[in-house]
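Notes for the one structure printed next.
The values are calculated or read from the model by the stated rules, or taken from the named source; none is laboratory data. These numbers were taken from a predicted model, which means no experiment stands behind them. Note that each Cβ is placed from the backbone with ideal geometry, even for glycine, and that neighbours are counted across all protein chains shown.
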Amino acid sequence: MAADAMLDFSGKVALITGAASGLGAALAQELGRRGARLVLGDINTASLEGLADELGGQGVEVATRHCDVARESDCEAMVALALERFGSLDIAVNNAGVAPPMMSLEETDEAELDRQYNVNQKGVFFGLRHQLPVMKAARNGVILNVSSMAGLGGAPKIASYAAAKHAVIGLTKTAAIEAASRGVRVNAICPFFTMTPMVTGIETPDGVSAEEFQAFLASACPMKRLADTAEVVSAMLMLLSPAMTYVTGQALAVDGGVSAY
């Protein structure tokens, strides 16, 4: 159990989508370390089970399920798994997402737009649709949606992603207002480029190395570097904290100062 009540998640049941890698996996480890019981979903079931085995070896209670958030039935099943295995749902993190190829708006076709909306926007909507009734009935709960700095402003060369991530913030604020009187908080986190597989594995322009491309991305940030996963997860823990009882409807930029321009 954590000594500080602000970071004590003992006994809380936390659902995380996109949990097999990146922010989802790192958050699962931190919540588990602080006493949470975990319900983890991802399309990459091999990596998901590897994480579950690691957490289980540390004494964390974990339930896993294949989850494609673009399918509403999978999002519904994740909530059902939390109730079946642990009897409640205290925390939900709608984290699963996909990155787009770098291209101009006019180069972006309908198929890519659909892919971004199916995962990055509908995946959050479907999660909220099934998480909220359970939390409202219990008059308790906190939901965190993973948006992006691309959801707060213009994002050249990733228009479809920006559109979907802006929609996530709209969903977050709407859900927060609808659920506030029932004891449920809903917030979004908006990271700048972070050193997760989504960024480190991004397709770079011809002749540009991954390191050079990351340096180019970092040049737009006042801190002149990309975020470490742990830095973003720390902010996620803060928004999920049982002590943050009066914070809802917010879209928190974790951006090294980019939004200060």
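The set of residues in the stretch 243-261 being over 18 Å from ASP228 (Cβ atoms), modelled with pLDDT of 90 or more and not small (Gly, Ala, Ser) consists of MET244, THR245, TYR246, VAL247, THR248, GLN250. A count restricted to the stretch 239-261 and to residues that are within 23 Å of GLY32 (Cα to Cα) and either free of Cβ contacts under 8 Å to residues at least 40 places away in the same chain or of a type in the set (Gly, Ala, Ser) (or both) stands at 2. On the given criteria, is ALA253 within 19 Å of ASN94 (Cα to Cα), among the aliphatic types (A, V, I, L, M) and in contact with a Cys (Cβ under 8 Å, 6 or more places away or on another chain)? So ALA253 passes the test.
Conditions (1) out of contact with any strand residue (DSSP E or B) (no Cβ under 6 Å at 6 or more places or on another chain); (2) modelled with pLDDT of 95 or more; (3) over 22 Å from LEU132 (Cα atoms); (4) crowded, with 16+ Cβ neighbours inside 10 Å, marked per residue:
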| site | (1), (2), (3), (4) |
| --- | --- |
| GLY22 | yes, no, yes, yes |
| LEU38 | no, yes, no, yes |
| GLY50 | yes, yes, yes, no |
| LEU55 | no, yes, yes, yes |
| GLN58 | yes, yes, yes, no |
| THR64 | no, yes, no, yes |
| VAL79 | yes, yes, no, yes |
| ILE91 | no, yes, no, yes |
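Each row is one residue, and each column tells you yes or no for (1) under 16 Å from VAL258 (Cβ atoms); (2) free of Cβ contacts under 8 Å to residues at least 40 places away in the same chain; (3) surrounded by 24 or more Cβ atoms within 10 Å (Cβ to Cβ).
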| site | (1), (2), (3) |
| --- | --- |
| ARG139 | no, no, no |
| VAL146 | no, no, yes |
| GLY153 | yes, no, no |
| ALA164 | no, no, yes |
| ARG182 | no, no, no |
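Candidates in the stretch 61-107 are the residues that are more than 20 Å from the chain's Cα centre (by Cα) and of a type in the set (A, V, I, L, M, F, W, C); of these, the one that is nearest to ARG34 (Cα to Cα) is PHE86. Taken together, the residues in the stretch 119-157 that are closer than 29 Å to LEU105 by Cβ and more than 15 Å from the chain's Cα centre (by Cα) amount to 6.
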